[in-house]
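Everything below concerns the one structure shown next.
Since every read-out is calculated from the coordinates, none of them should be taken as a lab result. The structure displayed is predicted, hence computed values, not measured ones. Note: ideal-geometry Cβ built from the backbone for every residue, glycine included; neighbour counts use all protein chains shown.
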Amino acid sequence: MSDPVQPLPLVGVLLLDTRFARPPGDIGNARSFGGRVLYETVGGAGIDRVLRGDPQDPALADSFAAARDRLVARGARLVTTSCGLLVFHQERLAGDCPVPFTASSLLQIRLRQRQHGKVAIMGLLDGSITAAHLRAAGAEAELPVGALPDDAHLIDVLRANDPGRRIDPARAEADLIAAARTLLDRAPETRALVLECTNLPPYQQALSEALDLPVYGYYDWLVAIHQGLALPDGRLPAASSTEIPA
């Protein structure tokens, strides 16, 4: 994960309607941004609706657009979401947004391929990242994808959706490292890993060290956009562009 004190414009985050604990490194913890972040919770946007609902879901997109507009009105200069699976809504939510908008960490895949070559993806739940998600991110549908096992500690805590239930970082870290090693056994040519889920970056540094590979999460993607390495929709500029003013 990029250093959270690295300058970014004021970031606005559209949060799913959840209540679980969010440790530092999670996109929903303000310390992940050094305190320079605004939040809006999108009412009715629960995990089940995002995972199992219509990926285009116009009512959901409208709710996100309204929350996005509130963030912009409060001063956000770069807006994103707390769930990489919302990549389907990139075009709708970016189209009429007056500031840069990026829906998903998956949109950095093309940049990381340019930098490293073969890239693999880690998500939270098995089967949640589909070929359609990858195509929506402008990536190849056949990219290797991994996820935590269904009985992983982190999944158990997130499903409970109880703010009083704490995550054991050692258990969460161990589960993620084991799952990533299983993924690399299937894709040994992998040269970098992209984390789709914004709940995984608290364990990103440990994962990178364990695998001896670069690992990229949501914060790295926001920094890349700010530095002009890629456009918010994942397209790669032909030449370096200017940063978004802070």
Practice task
Could you work out the equivalent-ellipsoid semi-axes for the chain, taking the square root of 5 times each eigenvalue of the Cα gyration tensor, largest first, in whole Å?
Solution key: 24, 21, 18
Fill in the blank from the handout: Using alpha carbon centers only, the range 132-161 is separated from the range 205-230 by a whole-angstrom value of 17 Å
Exercise for the section: Tell me the GluC sites (Glu not before Pro) within the range 160-209 that lie in a loop according to DSSP and have at most 11 other beta-carbon atoms within 10 Å. Expected result: GLU189
Handout entry: For the range 106-217, convex hull of alpha carbons as volume per residue, Å³
Key = 95 Å³
Problem - Net +/- balance of residues flanking ILE177 in space, Cβ distance below 15 Å, scoring K and R +1, D and E -1 - result: -4
Fill in the blank from the handout: Per DSSP, the loop-located trypsin sites (Lys or Arg not before Pro) within the range 39-122 having at most 16 other beta carbons within 10 Å are ARG74, LYS118
Problem - Theoretical gain in end-to-end length, ASP185 to ASP96 [0.36 nm per residue, Cα-Cα removed] - result: 27.8 nm
Problem - Long-range amide H partners of VAL119 with built H, under 5 Å - result: ARG191
